[in-house]
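First the structure, in the form of structure tokens, and then the observations on it.
The values are calculated or read from the model by the stated rules, or taken from the named source; none is laboratory data. What you are looking at is a predicted structure, and each value in this text was computed from that prediction instead of being measured. Here the Cβ is made from the backbone with ideal geometry for all residues, glycine too, and neighbour counts use every protein chain on show. Calculation scope for accessible area: heavy atoms of the full protein, side chains included, ligands and nucleic acids excluded. Shrake-Rupley method; radii C 1.70, N 1.55, O 1.52, S 1.80 Å.
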Amino acid sequence: MACKFVIALALFAVANAAVVVPAGPVLAKTVELEEYDAHPQYQYGYNVQDNLSGDSKGHVEERDGDVVRGEYTLIDADGLKRTVTYTADPINGFNAVVRREPVVVAAPIVKAAPVVAAPAPIVRAAPYVAAPVVRTAPFVAAAPAYTVRHF
């Protein structure tokens with residue numbers, strides 16, 4: 001048993017020693033530093049009103065230095081309009097106020113087609129004729145057959 005263990009360790013050592021990785025050239029990567037804006041400022045917004053799919057949402061945001069203010073709206077799955085107004089600054093952190101209110105949608109005006117009443121056709125019923133009464137023979141069931149075995 002010890003012989004097998006020694007042979008296994010020897011094969012393991014030979015296998016690890018056989019792998020030689022040639023040293024390749026070391027490539028240096030040049031890193032370019034981006035400009036740092038000490039007082040960033042931006043404004044953006046969008047608004048989507050798709051009457052075909054019912055998608056209605058919007059978002060506006062502005063930043064002046066470390067202070068961010070914004071608001072977004074969307075229609076929730078339950079049909080209420082959600083409006084979130086938020087601010088973020090280094091002193092107070094992120095604060096949001098959420099309002100939910102019903103959506104007021106004007107019903108589309110649809111012109112109804114004029115109703116034209118056509119006279120109903122007169123249908124005469126066929127005269128009533130009684131069908132003849134057919135009598136059948138009474139049903140008689142045969143008695144079941146039993147076999148009794150004695151053991």
Accessible area per residue for the range 37-86 in Å², computed with a 1.4 Å probe and the full protein assembly in place, what is it?
68 Å²
Highest mean first, how do 71-80, 95-104 rank when packing is the count of other Cβ atoms within 10 Å averaged over residues?
71-80, 95-104
